[in-house]
């Protein structure tokens, strides 16, 4: 999975908010054709929090069918462990390769509880698990060693961007344990994460502009600092500034950008809201700039 951008596809909805399976299939086929390291359907960017179990089953099934063994399919699961297990069993039946355990719902928990959450899920599914620390979930080095001792827990996605803590975790983990940069707009911090031994990262930009995401990935891995800096300065940093204007834009802007490129993804579901007309105009200009930088067309 470190050999390509990790793709977190959007989930397609009709204008009335209902699931659009055909749109999702067409959109996902387009993503997979760009050669990601893995696809992660029904995760944060895919609005997992808004899907019912039947919709979730259809999304993961389509992802498995479209991937057809070419790339790993890692499905999102979440809420409390009992509900997470329900989603895990659906993903397992659908043929997913692994599961990303999204932060649990609502409560703040002690370290023993964070470990127990993963133990409960692992005991009820055969699929490999990747823990996701973000929000109220943050492991200590001691807890991570316990997590890594769970036979089917294979890695950790980090969304805190605390490099001191992350370095402690990477040093505490056994050899072969996987780490992923899951920071919001992860390219901004990709170089910093790589310095503490975490080169693999997720890319929301891949959901709407794989040309930009792949150009950045190639430049970063090739040591082309000039291209990396130019893409960061002229595209990624302005994107983050636009994203930070309104809560939820981390998903809403991504979906809007995909629509600007003619992709059949539809609107976001409540409680998210689509971008304002003014923000959409700024997004269009920024998207054009980014595509121009890599020689691609809107």
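The values are calculated or read from the model by the stated rules, or taken from the named source; none is laboratory data. All values reported here derive from a predicted model rather than from experimental measurement. All Cβ positions, glycine included, derive from the backbone under ideal geometry; neighbour counts span all protein chains shown.
Check whether at least one residue in the range 70-88 is in contact with a strand residue (DSSP E or B) (Cβ under 6 Å, 6 or more places away or on another chain), surrounded by fewer than 20 Cβ atoms within 10 Å (Cβ to Cβ) and farther than 26 Å from residue 273 by Cα, and report yes or no. The answer is yes, given that some residue of the range 70-88 is in contact with a strand residue (DSSP E or B) (Cβ under 6 Å, 6 or more places away or on another chain), surrounded by fewer than 20 Cβ atoms within 10 Å (Cβ to Cβ) and farther than 26 Å from residue 273 by Cα. Applying the set (1) assigned to a loop (DSSP other than H, G, I, E, B); (2) surrounded by 15 or more Cβ atoms within 10 Å (Cβ to Cβ); (3) in contact with a strand residue (DSSP E or B) (Cβ under 8 Å, 6 or more places away or on another chain) to residue 166 leaves exactly one unmet item: (1). Scanning the range 191-209 for residues that are over 14 Å from the mean Cα position of the chain (by Cα) and assigned to a helix (DSSP H, G or I) yields 191, 192, 193, 194, 195. Suppose the filter is part of a helix (DSSP H, G or I), in contact (Cβ under 8 Å) with a residue 24 or more places away in the chain and under 19 Å from the mean Cα position of the chain (by Cα); does residue 235 pass it? No: the conditions fail for residue 235.
Can we say residue 266 is over 23 Å from residue 180 (Cβ atoms), crowded, with 18+ Cβ neighbours inside 10 Å and either in contact with a helix residue (DSSP H, G or I) (Cβ under 9 Å, 6 or more places away or on another chain) or in contact (Cβ under 8 Å) with a residue 60 or more places away in the chain (or both)? So residue 266 passes the test.
For residue 103, the criteria (1) under 17 Å from the mean Cα position of the chain (by Cα); (2) closer than 30 Å to residue 218 by Cβ; (3) surrounded by fewer than 23 Cβ atoms within 10 Å (Cβ to Cβ) hold in every case but one, which is (2).
Residues of the range 109-162 that are crowded, with 16+ Cβ neighbours inside 10 Å, touching a helix residue (DSSP H, G or I) at 6+ places or on another chain (Cβ under 7 Å) and part of a helix (DSSP H, G or I): 114, 115, 117, 118, 121, 143, 144, 145, 146, 147.
So, residue 207, is that one within 29 Å of residue 120 (Cβ to Cβ) and in contact with a helix residue (DSSP H, G or I) (Cβ under 8 Å, 6 or more places away or on another chain) or not? When the stated conditions are applied, residue 207 does not pass them.
Conditions tested, residue by residue: (1) closer than 20 Å to residue 204 by Cβ; (2) part of a helix (DSSP H, G or I); (3) in contact with a helix residue (DSSP H, G or I) (Cβ under 9 Å, 6 or more places away or on another chain).
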site: 16; (1), (2), (3): no, no, no
site: 25; (1), (2), (3): no, yes, yes
site: 44; (1), (2), (3): yes, no, yes
site: 91; (1), (2), (3): no, yes, yes
site: 107; (1), (2), (3): no, no, yes
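Within the range 60-67, not a single residue is within 21 Å of residue 257 (Cβ to Cβ), assigned to a loop (DSSP other than H, G, I, E, B), without any contact (Cβ under 8 Å) to a residue 60 or more places away in the chain and within 17 Å of the chain's Cα centre (by Cα).
For residue 35, the criteria (1) in contact with a helix residue (DSSP H, G or I) (Cβ under 7 Å, 6 or more places away or on another chain); (2) in contact (Cβ under 8 Å) with a residue 60 or more places away in the chain; (3) surrounded by fewer than 17 Cβ atoms within 10 Å (Cβ to Cβ) hold in every case but one, which is (1). Return only the number of the condition from (1) over 22 Å from residue 29 (Cβ atoms); (2) in a loop (DSSP other than H, G, I, E, B) that residue 240 does not satisfy. Residue 240 satisfies all of (1) over 22 Å from residue 29 (Cβ atoms); (2) in a loop (DSSP other than H, G, I, E, B) except (2).
State whether one or more residues within the range 270-277 are in a helix (DSSP H, G or I) and either at pLDDT 95 or above or touching a helix residue (DSSP H, G or I) at 6+ places or on another chain (Cβ under 6 Å) (or both). Yes, the range 270-277 contains at least one residue that is in a helix (DSSP H, G or I) and either at pLDDT 95 or above or touching a helix residue (DSSP H, G or I) at 6+ places or on another chain (Cβ under 6 Å) (or both).
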